[in-house]
Structure formats: structure tokens, C-alpha cells
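This report refers to the structure that appears directly beneath it.
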Amino acid sequence: IPPERIRNFCIISHVDHGKSTLADRMIEMSGAIDAGARQVHQMLDSLEVERQRGITIKAQTVSLFYQDAAQGETYLLNLIDTPGHVDFSYEVSRSIAACQGALLLVDATKGVQAQTVANFYLAFEQDLGIVPVVNKVDLGHADIDGTLEQMATAFDIERDEALRISAKTGLGVDALFPAILKRIPPPAACASAPLRLLLFDAWYDDFRGVLCLVEVLDGKLERGMELVSAATGSKYTVQTIELMRPLMPAALPSLGPGHVGCVSLGMKTIHEANVGDTLSQASNPQPALPGFRKPQPMVFAGLFPLDENGFQHLSDSMSRFLLKDGSISVENTHSGTLGRGLRCGFLGMLHMEVVQQRLLEEHDCDVIVTAPTVPLKATMKDGSHRSILSAEDLEQVSGEVKELFEPLVKVTLLSPAVYTGDLIALCESREGVQVEHSYLGSERTLLRYVLPLAEIATEFHDRVKTISSGYASLDYEEAGEQPADVVPLGLKVNGKPVDALTRIVRRNKAVPLGRDMVETLQKEMSRQVYDIVLQAVIGSSVVARETIRALRKNVLAKCYGGDVTRKKKLLEKQKEGKKRRALSVGDVAIPQKALTAVLSPA
Ligand code: GDP
Ligand code: MG
């Protein structure tokens, strides 16, 4: 099929606005599978965690054939799926780079949301043809006019450009394919130019190894060709080429200009497949497309096995996990209190939670996660530079640091107007600087703030949801860096440091946070037969202190001093309830429950 009869497009929408339902509807309309098989497809569509959280992590791309009724010509429509969460915004931008158009899908019962706005800007910057679509018009409480008004304000589109559909019932969907053909341009691919491929997604298949999704930007890809990666210089031979047909991929000998397909290049690990990489013929290498970078981990934390001998299991599970997810960075680490563990870097907080959950579900591997840290850059007194990825790193070098820099993010918040005041207060309390405050229609507010990444890494998302009773949505993108006045806040128990609980905090918040930490621990820890002194410290200075008073022998008192076996039994009984690993610091055991309370203060 020539490029003129190809359309590469994605669906931009907020979670739950109906992207998967619409994708399935289009597959069905193209005649690829019938309604019965569609259910199967939806079931295959997601990982366990995706179903639970209602987000897409691994994108599903699909190629459809559509016969234009007017001219009888067959078109190839490639629906390119994008990951559905803020942590994966770089990957979203690469998926969008493989498209010439986007369906901008908005749920008529919810209106425009943050993810829609953020992804719209990505699409807009890349000059994509936009087809606005209002979904769920079948529902009684759908506010089609209000939604159209918001879309007109947010995206500067005409009301009558928008399609009104129900992906679920099929109402209005007949207009979709004609609108796609008309409003989305074909790929500007050239058959006679040297071969160039954009690698925009990759995953690890248990049976076939690494598979890459590519768009042929120019030229023709053939089986057996030798390719070179612009990112790494490595060379690969094209082993298989497939069209992503629903249910069953179709093997092909070649892939023409403008096409999208799945190729196997004999890569051994997912780390070789860099999303955003440009591949060309080894005999005629081409320069990289602009915009490529390796995704940088933005949140670091220590992972320690929950049971004392679990390190090997954790390490093995993580190695297997890394085959599938190339965006996690991993190093061995050691903690004085928790023993051996892994220091990992994640794309964001949700990514970290998802990895933790998948380790548990898929590998039966339960872990303690230490307080997350964002990557800091330090300029040292001797003029050298260092990156600081943990509170320990900071403690070690604190005497020699001249200046620290922290990453910033630009947050987009969309909310019913009544919550605006509280959301602004939240952002300002988190050191935010406002860059936009506008209205979408009469009832919704769009706020954009630049904030330190560290300030949204803990409980920010939850606070936004609580303040707005769940109605506000947020998205963020990277936004440079700024000088940071931060210190390592540690905990001592009876004078001994508990390294697992040290975290990096803003200097002006160290005292209240230290106070919170000792008070939380005091509440969660049970009294023992001697006094326990808890201290929050910065270096050698104490910022907060609490004492857990000793038990007044109230357990042993019941023994009347007589029966030795009964006394032993009682002591045994006391030990129960901490079957799971507890941190021991000197003679003091800090139970799991207390650790969790300090590490995840939500
Ligand atoms: P995604 O998160 O954007 O992929 O959203 P889904 O396609 O999973 O849809 C979220 C929910 O909305 C599901 O329960 C769908 O059945 C429902 N849904 C999707 N489209 C429509 C529609 O047009 N009308 C109605 N009533 N429900 C819909
Ligand atoms: Mg979905």
C-alpha cells in the first residue's frame, strides 16, 4: 500500500474516557474480528496491574484495513497506542512522533482532564492532524455542550469539527474512518530515500526475545537486511517482520515507506532497544532523528527483602524483571539495619509502585521500599560535579558540597472551579510557582505550576484527589532544575543511627518533619522493658526527640514472681505478632508496621 493510503494515528485521552473501548470498536468495524472475539481481545489487552489500576502501561498497536466506500480503495490504518500515565511521558512523546494524527477523545460526562491537555500539547507541537471526539454521548448525564465548550477553549477547535459518539453502543462511530482519512495527513515517507526507521516501542516476549515496533520513515525494510542503531552503533540483522493484525500478527517479507510493523532484530536484552532510536541500513547509515534521549530515572529508592534471607530471591526476580522493563536502573546496596538490598531508579512514583506490585504478584517477592529520593546534582567545593541519588550519598559528601541542584516539573491541574483556592494553596505550600491560571468554560480551572519534583514525589497526587473529592486531574512534564537547600534527616534509636530511615528533606521543613517522624514511631512502637529514646537528627544536631517509657512490669507482674514456665510462655506470646521482619537497632526492634508508617506517611 502506498504512503498516500496509510494513516498513522493515536488516541489521546484521559484514563477511563474510553480509549480501549474505542480501539476495540474500530477493530470490529474494520471487520478484523467479530464482536465475540472482541471480548477476548479486551482480556488480552492488559496486565494484571493495569486492570486493577485502570491504566495502560504496555501499549497495544494495531494495523487495520479499511475500504473507502466512495472510491473502493483500501486504506491501511495504524492505530498506535500510547502509554496511559504521566510517568511515561517520554514514551508518549515517541509514540506521538510515529503518528501524523490523533483522535482527541473526551468523555462527555467528565469533560477535559489534565492528561488530555498535556498530551494535546505534545501532539500540537508535532503538528499532528487532530480529530476531536466526544465520547459516551449515550449516557443520560452526558454534558455534550459543556464538553464542547471546554474543548473549544482548551484546544482552540470549532464546535462542529467534533464527532459525537458512543464507543460502547456504536452511536455515531460511522463518521470516524471518513474523518480520519480526511483530516489526518498520510506519512511523508519517500520510497527512494535511504532507509530510516523510528523505533517507538519495544518489549520482551518470553518465546521470541526482544520485539520492536518501528515506523518506516523512508525507504523499504526487508528481511535479512543489516541495520545500525544511531543511539548505540550496534548492528542487527532483520530476522522477522510482522504487521500487527488484531489477534494474530501477519509475517511479511518487507515493509514499505510509511508502514508500521513489528520486527525482531535478535537483540538479547530490552536495554538494546531504545525507544526513540533511529535505525538505518548498516551500509548507508543515517543521522538520528531529533528528540532522542535515554529515559532518565527520576525517583530512587532502596528495595530490601521482607524476610531476612530473601536477598537472592529479590535479586533473581529483579534480573528477570529487567528483561521486560529497560527503564529501571539497579545497583546492589547495603544497609546497616536492613542488610543487603537493591538501589533502584524509576521513571516516577507510579512506576515504582507498579514495579513493587508486579514483583509481588509475578515473582512472589515482597519488599520494603525506603523513602524515595529525586536525583540531585552537586557542585563540589573543588569545582567537580557529582550526582546524589540517596540520603546516604548526601550524608557522605555534605561537608564538601558547594551547591545542590534539584529537578523541576511543570504540573498541569484541571479541576472544577470550586477547588481552585485549595489547589493553589497546596501548590504554594509545595514551593510551586504559577505559570498559568485560566478557565475552561465557566466551571473548570486550568492551573499550571512549576514545582520541585521532590515536592510531588510524596503524597501530592493523593492530596490533589482529596482536596477535590477526586474531581481534579493532574499531569506533569520535566522542567529543568534549580538550586536546592536540602539536608539528610536521620533517625537515632537509643543513640544508634537507623540508616534505612534517613531521607532528604528541605532545610526549612526539617524540624516539623523530624517531629512527625519521632511521633509516628512513638505511636507505632510498643513499649518495652526499658526506655527507648527516639531522635530526629541532621548530622550531629538533634531536631526532635521523644521517649517511649518502659513498661512497668505489667506483663511479668501477673506471674506473681513464681511460675517460670508461665513467664516464658508470656514472653513467647509477646514475640508473636512480629513474625515478619523487624528492624533491630541494638536491643530495640522496630516492627514492620512502624517502618511502613514512617516511610509512607500518607
Ligand atoms: P480507557 O481507560 O480510556 O481505555 O477506557 P475504557 O475503554 O477502558 O473505558 C472505561 C469505561 O467506560 C469502561 O467501563 C467502558 O465500558 C466505559 N465506556 C467506554 N466508552 C463508553 C461509551 O461510549 N458509553 C458508555 N456508557 N460507557 C463507555
Ligand atoms: Mg484502556
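The values are calculated or read from the model by the stated rules, or taken from the named source; none is laboratory data. Predicted model only: the values in this text are computed from it and were never measured. Glycine gets a Cβ as well: all are built from the backbone with ideal geometry, and neighbour counts include every protein chain shown. These accessible areas exclude ligands, DNA and RNA; they are computed on the full protein's heavy atoms, side chains included. Shrake-Rupley method; radii C 1.70, N 1.55, O 1.52, S 1.80 Å.
The length gained by stretching the chain between residue 271 and residue 438 to full extension, at 0.36 nm per residue less their Cα-Cα distance, is 55.9 nm.
Loop exposure criterion: chymotrypsin sites (Phe, Trp or Tyr not before Pro), DSSP state outside H, G, I, E and B, at most 10 other Cβ atoms within 10 Å. Applied to the chain, the longest stretch between such sites is 208-559. Once the Cβ-Cβ distance of residue 541 and residue 171 is raised to the sixth power relative to R0 = 51 Å, the FRET efficiency obtained is 0.15. Remark on residue 528: its backbone amide H falls under 5 Å from those of 551, a criterion applied only to residues 5 or more positions apart or on other chains, H modelled at 1.01 Å from N. The length gained on full extension between residue 307 and residue 220, counted as 0.36 nm times the residue separation minus their Cα-Cα distance, comes to 25.9 nm.
Considering only protein heavy atoms, what per residue accessible area in square angstrom results for the chain with a 1.4 angstrom probe? Each step should come with its number before you reach the end.
Working: 27140 Å² over 602 residues.
Each residue of the chain exposes 45 Å² on average to a 1.4 Å probe.
Per atom type, the chain shows carbon and sulfur on 50% of its accessible surface, probed at 1.4 Å. Summing Lys and Arg as +1 and Asp and Glu as -1 over all other residues whose Cβ lies under 12 Å from the Cβ of residue 172 gives a net charge of +2.
How high is the FRET efficiency from residue 377 to residue 519, r the C-beta distance, R0 25 Å, rounded to 0.05?
Numbers: r = 33 Å, r/R0 = 1.32.
Between residue 377 and residue 519 the formula returns 0.15.
Taking the stretch 243-279 and a reference point 7 angstrom along Cα→Cβ of residue 4, no backbone N atom is nearer than 11 Å. Counting Lys +1, Arg +1, Asp -1, Glu -1, what net charge surrounds residue 221 among other residues with beta carbon under 13 Å of its beta carbon? My count for the surroundings of residue 221 gives -2.
How large is the helix-only mean residue ellipticity at 222 nm for the chain, computed as the sum of -39500 (n - 2.57) over DSSP H runs with n ≥ 4, divided by its residue count, in deg cm²/dmol to the nearest 500?
Computed mean residue ellipticity for the chain: -8000 deg cm²/dmol.
What do you get for trypsin sites (Lys or Arg not before Pro) in the stretch 274-379 restricted to DSSP loop and a cutoff of at most 11 other Cβ within 10 Å of the site's Cβ? Could you put the intermediate results ahead of the total?
Numbers: sites: 293, 320, 324, 340, 343, 358, 377; in loops: 293.
Loop-located and lightly packed - 293.
Rolled with a 1.4 Å probe across the full set of protein chains, the surface gives residue 63 an accessible area near 0 Å².
Placing a pseudo-label 7 Å from each Cα along the Cα-to-Cβ vector at residue 192 and residue 15 gives an inter-label distance of 5.0 nm. Once backbone amide H atoms are built at 1.01 Å from N, residue 169 has no partners under 5 Å, excluding neighbours fewer than 5 places away on the same chain. The H on the amide N of residue 544, modeled in the peptide plane, is under 5 Å from the matching H of 536, each at least 5 residues off or on a different chain. Give the separation of the Cα centroids, the stretch 494-530 to the stretch 243-310, in Å. Their Cα centres are 43 Å away from one another.
A 27 angstrom limit on the alpha carbon distance is what I want to check against. Which of 377/410; 19/268; 182/294 exceed it? Table pairs above 27 Å Cα-Cα are 19/268; 182/294.
For the stretch 383-402, list residues with backbone N below 13 Å from a point placed 7 Å from the Cα of residue 329 toward its Cβ? 386-390, by backbone N distance to the label point.
For residue 465 and residue 481, the difference between the fully extended length at 0.36 nm per residue and the C-alpha to C-alpha distance is 3.1 nm.
The residues 248, 349, sorted by heavy-atom accessible surface at 1.4 Å with ligands and nucleic acids left out, run 248, 349 from largest to smallest.
Taking other residues whose beta carbon is less than 14 angstrom from the beta carbon of residue 418, and scoring Lys, Arg as +1 and Asp, Glu as -1, yields -1. Measuring between their Cα centroids, the stretch 414-453 and the stretch 105-182 lie 24 Å from each other.
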